[in-house]
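Have a look at the structure below, then the notes.
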Amino acid sequence: MNASTSVSLGAMRPLLKKLDMMLGPHGCKLTKGVNDRSQLLRDDLEEIGAYLEDLLEVEDPPLVANCWTKEARELSYDIQDCIDNFVPPESLGYKSGHKMTHVKIPKRLKWQKQIEYAAPDVSGHFISKTIRVDVIRAPRKLKWYQQIVEKVSEFRIYAREAIRRYERYQLHCCSTSAARRFSAIGPIMPMSPMPCEKTCSGLVIDGRMSKFINSLSNDADQQLKVVSIHGSGYLGKTMLAKVLYNKLGRKFHCRAFVRVSKKPDMKRLFRDMLSQFQRKQPGGSQDVSDELRVTAENIRNYLHGKRYLIVVDDLWDTSAWDVINQVFPKGIQGSRIITTTQIEDVALACGCNHPEQVFEMKPLDDDHSRKLFFGRIFGTESDCPEEFKQVSGQIIEICGGLPLATISIASILANQPSLSMDLFTRIHDSLISCLLSNSSPETTRQVLKLSYNSLPHYLKTCLLYFSMYPEGSILFKHDLVRQWVAEGFLTASEGQNMEEVAGMYFDELVDRRFIRPMSINFNNEVVSCTVHALVHDLIAHKSAQENFVVVVDHNRKILALSHKVRRLSLQLGDANYAKIPANIRKSQVRSLVFFGLVECMPCIGEFKLVRVLNLQLSGHHNGDQDLSIDLSRVSELFQLRYLKIVCDVCIKLPNRMRGQQCLETLDVMDTPRGTYVPWDIIYLPRLLHLSLPPHTNLLDWSVGDDLSLCKPNHLQDLCISTPPSSDSDHLERSMEALDYLMYEHDSLKTVKLVAHGSSVSYGDASKERAGWMLDKPNHHIHRFEVSPHSPVIFGCMDLWTNQFPNLCILKSAVDGLSVYDVDFLGGLPALTALSLYVETAPRMKIIFDKARFPVLKYLKLRFTSGIAWLNFEADAMPNILKLRLVFSSIPRMDQRLSLFSQSDQWKQYQHGSALISIDHMTGLREVSAKFGGAAADLQYVSRIGAVINHPGNPVIGMQLVDSGSYCEESTAITGVFFAPASSRSRWWRAAGCGILEPYH
């Protein structure tokens, strides 16, 4: 049975499945009388569910049908809530050490109970009704049974009354005579592949735009330049800014992309900007009232003397720009700031009232609109059947050159199982009202509404969940899909992985253009995303209309709230005295997302049935370093499936969490040191994803002195921070414990070691590091990442071929890289992404031959010191898409540089010949090289062309960084690049470090 929760059907499907489990042979052991009544209730609910399914297909149902549908949905939620309150999870399939006791009722008495309820009449108004009904009364000592039989009888009354109203209002006529809704539910027509890391769907780069892009690429102008992209909504301003950000970003020492929106939270915006620079979470200010000033000062200090690129998206007023602009230091390093806005005065203010620094976005002309429309559906206009061309032209005209409207309508058609003239005509007729309005927002709004109505119900449900987050939020795909799974939004066949299905839903929403990708990884997969402001407005309206999500925003003065709230988003910001509305029943909330100060957070223990709990907390330190937040009542949330906490003060979790039998995700990584996770989480039967707080001691999980760990049952992902490098013995014991856990735990697929703060600073040779050699088989590990900021470094990679046959992604710092290491790594059959941060460049020529790295798509090699001699032979890495090489400190070019080649033995490197050869790698989509060193040596490297490139490859993005200052030279050269170094031994001491950058 399809048992997903949805915005259209409420909890009807999972409710029916839950009742089947309760009434089945392995369900709750109820008395025959209760069992019979529950079966009758289930039959009534199945009938209501069938009626709901029929009404789903009606294109424009009457008001009374909408009213009845909403009542039926709320009834399904109420009954499921009641079951969750009375029936423990373990009696419905969740494993536990406790068994439900079979209680026998020796005696039954009938009694009269008066039940009052509110029922809607035809006009939609509610009238009060009273019914007297016979219910079963159990003896006083069996109060649980008495309550459940009362509830079963009560809910059956509501269900029978809903069925009678369906018949009385003749709603069956709606489902037979009204127009049927068309849905884009067919297989998605294939799209042309998106360029790696550059998605500009709906953006057409014309000559005027190309000229603007090239003007920003001009390195001759070393003055700070601020340009603004101006235009009405939905013309692709943000997309153009993203293209510029990706195209120019590699030429700058640091970069950041931030969104402002209509109601900016400056503290959060500055924290986000600083975290993008430093690639780590900035620490909270000791005094919240001073946090904005301190964070701004940290940004200003970090950017001083550097060449930076900043994109400030979606500005709405000059006052916000005045605050943001103050953090950017002026200089002659060639920095660039790009803003986007719909307000002309704001655009001029950003450009210091110089119109030449404002680029105005305009609607697409007819030619480009047709290319965009037909390209999305057929590939080219010439491939479009002749019968569709005339009506297609009319649809394109209605879209008015708006990229979002054009691509959205094209996506509806592209997602149909088959195309017909009737379908094109229906879409045209649905949009004809847009011709009466010259308003671009209204046209796009109508198009998006049509696109939303065409979605299958499971995609509508997932899309509306975005309204839980403030406009402009950037969300990670893995976080979203885990929340969708926890809420039960998925329709999966037997044997399918629920998160894989959720990932398919996400990708489909991206393809239908409801989700805007923000970052894309080496494999062309969307890593993070946001939604367009107009899409957010649409889903916020739909969510409120369907009572799917209730948002409490401290900026809104008047709120019409339902007392039955199923999903609650508290967006309180920095309001000091914000409170949750009194009429909200916390016990019915299934998802709670909180953004605000600690003192405004409601009592967590009152949300008894919450499944998703996401707390984004900010605390007032006021100099109190021992301040902590008591969240011990989390132990009372027995339906909890997803728990994520981000906070700048210490969190006090319960001492025991073994009762959270449903918990699947626990993420407390972004909390301060001192947050303690109880060790008994290892017994949770459904825990899949675990991200632990800073300095969590894995030794707490050990049993005895042999470092044997109690193993979590089904854990798939583990993210943990490494201990400080100052305690070397503790560090080695912890790594051995983790090694044991990886070896013993067959279901573990992903392991990430991160460094909070900076356990080891880049280039700091004074910090002690511990070597780690993985010498146990880990056949199940797919992803293994160790931050080079951590005090852990690897060696002895010659054992890895046999230990990691399924390893797909590897990031790590290594003490060196030899030809033998390359051979061993190249033998990993599943390796698709490799990032190595090498302490010392090899003094031996490294050859990548055709027999190695058969499926590798992404390679990054970063050398802390020295320069490498690299050769990529013909057919080496046949699937490589992206190559990045970084030499942080190249040797002086006036010194003798001796490199070893197996064939030539030792010889002096001949200046002027290329060190790195990639001229046989013809499949590359992106190539970048970065050299650090003294200015004179950098000029020499730039002049000689240290890399041989293939003429068919992209131009190498080359960056030269003068280590004597933060000034950079950036050039585009058609032949430049680099490579790896060597390792050995079980445990050893090393100095120095590398830098970890995410795959984007």
Response to the item:
Descending accessible area (1.4 Å probe), largest on the left, turns Lys262, Lys70, Lys460 into Lys262, Lys70, Lys460
Worksheet item: If you rank Lys749, Lys242 by how much accessible surface each has, with a 1.4 Å probe, what is the order from largest down?
Response: Lys749, Lys242
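Could you sort 856-863, 318-325 so that the peptide with the highest average Cβ count within 10 Å comes first and the rest follow in order? Mind showing how you got there, number by number?
Details: 856-863: 23.0, 318-325: 16.9.
The peptides rank, most packed first, as 856-863, 318-325.
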Practice prompt. Could you tell me which of Pro672, Cys650, Leu568 has its Cα farthest along the dipole of the stretch 550-693 towards the positive end, charges placed at Cβ (Lys, Arg +1; Asp, Glu -1), taken about the Cα centre?
Written response: Leu568
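Decide, for the stretch 458-513, between rounded, prolate and oblate: order the square roots of the alpha carbon gyration tensor eigenvalues as a ≥ b ≥ c, take rounded if a/c falls under 1.5, and otherwise choose prolate if a/b is larger than b/c, else oblate. Present the calculation step by step, with values, prior to reporting the outcome.
Working: a/c = 1.93, a/b = 1.66, b/c = 1.17.
Prolate, since a/c reaches 1.5 and a/b exceeds b/c.
Around Leu883, with a cut-off of 9 angstrom between Cβ atoms, what is the net charge of the other residues, counting Lys and Arg +1 and Asp and Glu -1?
Details: positive: Lys860, Lys882, Arg884; negative: Glu926.
In short, +2.
Which order do the peptides 810-822, 650-662 take when ranked by the mean count of other beta-carbon atoms within 10 Å per residue, highest first? Intermediate values should be presented prior to the final figure.
Numbers: 810-822: 22.5, 650-662: 19.2.
Descending mean neighbour count gives 810-822, 650-662.
What ranking do 51-63, 266-278 get when scored by the average of other Cβ atoms within 10 Å per residue, highest first?
Details: 51-63: 16.2, 266-278: 18.3.
Going by the mean number of other Cβ atoms within 10 Å, highest first, we get 266-278, 51-63.
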Practice prompt. Towards the positive end of the charge dipole of the stretch 456-548, with charges on Cβ (+1 Lys, Arg; -1 Asp, Glu), say which of Leu534, Phe466, Ala502 has the farthest Cα.
Written response: Leu534
Worksheet item: Classify the stretch 390-429: rounded, prolate or oblate, from the alpha-carbon gyration tensor (a ≥ b ≥ c, eigenvalue square roots; a/c under 1.5 rounded; otherwise prolate if a/b is larger than b/c)?
Response: oblate
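Is the C-alpha gyration tensor of the stretch 550-693 telling us rounded, prolate or oblate? Criteria: a/c under 1.5 is rounded; beyond that, a/b larger than b/c is prolate, otherwise oblate. Display every interim value, and only then the final one.
Numbers: a/c = 2.27, a/b = 1.24, b/c = 1.82.
Verdict is oblate for the stretch 550-693.
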Discussion item. Around Gly573, under 10 Å between beta carbons, what's the net of Lys plus Arg minus Asp minus Glu among the other residues?
Written reply: 0
Response to the item:
Cα-Cα longer than 21 Å, checked against Lys242/Lys477; Lys579/Lys608; Lys460/Lys644; Lys542/Lys644; Lys151/Lys608; Lys263/Lys330, kept in input order, equals Lys460/Lys644; Lys542/Lys644; Lys263/Lys330
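Measure up Lys362/Lys449; Lys262/Lys362; Lys211/Lys371; Lys262/Lys857 against 29 Å on the Cα-Cα distance and list the ones that go over. Don't skip to the answer; put the middle values down first.
Details: Lys362/Lys449 23 Å; Lys262/Lys362 22 Å; Lys211/Lys371 21 Å; Lys262/Lys857 40 Å.
Going by Cα-Cα distance, Lys262/Lys857 fall outside the 29 Å limit.
Would you tally the net charge around Val258, using a Cβ to Cβ cut-off of less than 12 Å, leaving Val258 out, and scoring K and R as +1, D and E as -1? Display every interim value, and only then the final one.
Details: positive: Arg255, Arg259, Arg268, Arg271; negative: Asp265, Asp272, Asp313, Asp314.
Summing Lys and Arg as +1 and Asp and Glu as -1 gives 0.
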Discussion item. Counting only protein heavy atoms and a 1.4 Å probe, tell me what percentage of the stretch 456-548's accessible area is made up of carbon and sulfur.
Written reply: 50
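Extension gain Lys449-Asp537, at 0.36 nm per residue separation less the Cα-Cα distance, in nm?
Taking 0.36 nm per residue and subtracting the Cα distance, the gain is 30.6 nm.
The values are calculated or read from the model by the stated rules, or taken from the named source; none is laboratory data. Given the structure is predicted, the values throughout are model-derived calculations rather than measurements. All Cβ positions, even for glycine, are placed from backbone atoms using ideal geometry, and neighbour counts span all protein chains on display. To get the accessible areas, we keep the full protein, side chains included, count just its heavy atoms, and leave off ligands, DNA and RNA. Shrake-Rupley method; radii C 1.70, N 1.55, O 1.52, S 1.80 Å.
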